[in-house]
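The values are calculated or read from the model by the stated rules, or taken from the named source; none is laboratory data. Please read these numbers as outputs of a predicted model, since none were measured by experiment. Ideal geometry is used to build each Cβ from the backbone, glycine not excepted, and the neighbour counts take in all protein chains shown. Accessible surface is based on the protein model in full, side chains and every heavy atom, while ligands, DNA and RNA are left aside. Shrake-Rupley method; radii C 1.70, N 1.55, O 1.52, S 1.80 Å.
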Amino acid sequence: MALGPGTFTILKEIELCQATGRRYNYLGYWIKECPSMAYKDRFEPYEVLERYVEADEEPVWQEPLAGP
């Protein structure tokens, strides 16, 4: 299977996280409707920012709703 640059990069980031004992990897923002970002949807589990917050507020993350 040929990997695009985004998928390749994420796989390398996961390897680095595992090698350095990190529990999480932030893939950056993702826009579901953007075809060039579709590769990010293949990496689970993931969380979605509930809403944007002010700089002094704690962000709230939630698991995405399951699809049909």
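Here is how the numbers come out for the structure above:
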{"quantity": "Sparsely packed trypsin sites (Lys or Arg not before Pro) within region 1-43, loop by DSSP, other Cβ within 10 Å at most 16", "calculated": "R22, R23, K32"}
{"quantity": "Accessible solvent surface per residue of the chain, calculated while the other protein chains remain in place, 1.4 angstrom probe, Å²", "calculated": "92"}
{"quantity": "Longest site-free stretch - the chain; sites: GluC sites (Glu not before Pro), DSSP loop, at most 11 other Cβ within 10 Å", "calculated": "1-32"}
{"quantity": "Whole-percent carbon and sulfur share, accessible surface of the chain, 1.4 Å", "calculated": "56"}
{"quantity": "Per residue Cα convex hull volume in Å³ - calculated over the chain", "calculated": "137"}
{"quantity": "E54/C17 FRET efficiency (R0 30 Å; Cβ-Cβ; nearest 0.05)", "calculated": "0.55"}
